[in-house]
1. Answer with a single label: of (i) 38, 15, 10; (ii) 27, 16, 12; (iii) 41, 15, 11, which was calculated as semi-axes √(5λ) of the Cα gyration tensor in Å from the structure in view?
2. At R0 = 30 Å, how high is the FRET efficiency between Tyr60 and Asp32 if r is their beta carbon distance? Nearest 0.05 is fine.
3. If you keep only loop residues by DSSP, which trypsin sites (Lys or Arg not before Pro) in the stretch 6-115 have at most 14 other Cβ atoms within 10 Å of their Cβ?
4. Residues of the stretch 1-22 with amide nitrogen under 19 Å from the 7 Å Cα-to-Cβ point of Glu51?
5. Which lysines have a Cα lying under 27 Å from the Cα of Lys89, excluding residues fewer than 8 positions away in the same chain?
6. Gaussian network model of the chain, Cα springs within a sub-10 Å range: biggest mean-square fluctuation belongs to which of Glu15, Glu57, Glu74?
7. Just to confirm the number: angle between the C-alpha axis of helix 69-81 and the first principal axis of the chain, 0 to 90 degrees, nearest 10?
Amino acid sequence: MRPYEVMVIFDVGLEDGDINASLDRITSLVCDRGGNPGRVERWGRRTFAYELKHRSEGYYVLIEFTAEPTLVAELDRMLTLDDIVLRHKVLRQPDRQSGRALRAEAKRRDTAIRKAARAKAAS
């Protein structure tokens, strides 16, 4: 499984219930397909640098999750078809940013310490 994050921009004219329902659909899709949903950051209302679909503001939400690449393709398709989503972008996070590299380094260090301890005990 790989770490991803998706930035979703919703229409600001929506009610909170509509945004929450869409976020629930996203997290349930991730869970149903074997992924692990992570942090959901609501950035709130932001002004665009230029008009997007005749709107000057959007409601930004950042969602982090780990999943297989096939799930990401399905999520991208779902967000493209959703009418309340103005724009979205799915990005794969680098391993060192997601903590995978840190866990791998800790595992290598623990293995080296155990080997050194066994070698010292054997001599």
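1. (iii)
2. About 0.75, to the nearest 0.05.
3. Here the trypsin sites (Lys or Arg not before Pro) that fit, given the DSSP loop and packing criteria, are Arg33, Lys53.
4. 10-14
5. Counting by Cα, and skipping residues close in sequence, Lys89 has these lysines nearby: Lys53.
6. Checking each option, the largest mean-square fluctuation is seen for Glu15.
7. Orientation of helix 69-81: about 10 degrees from the principal axis.
Each value in this text was obtained by applying a stated rule to the coordinates, not by laboratory testing. As the structure is a computational prediction, the values presented were derived from the model and not from experiment. We place every Cβ from the backbone using ideal geometry, glycine too, and count neighbours over all the protein chains shown.
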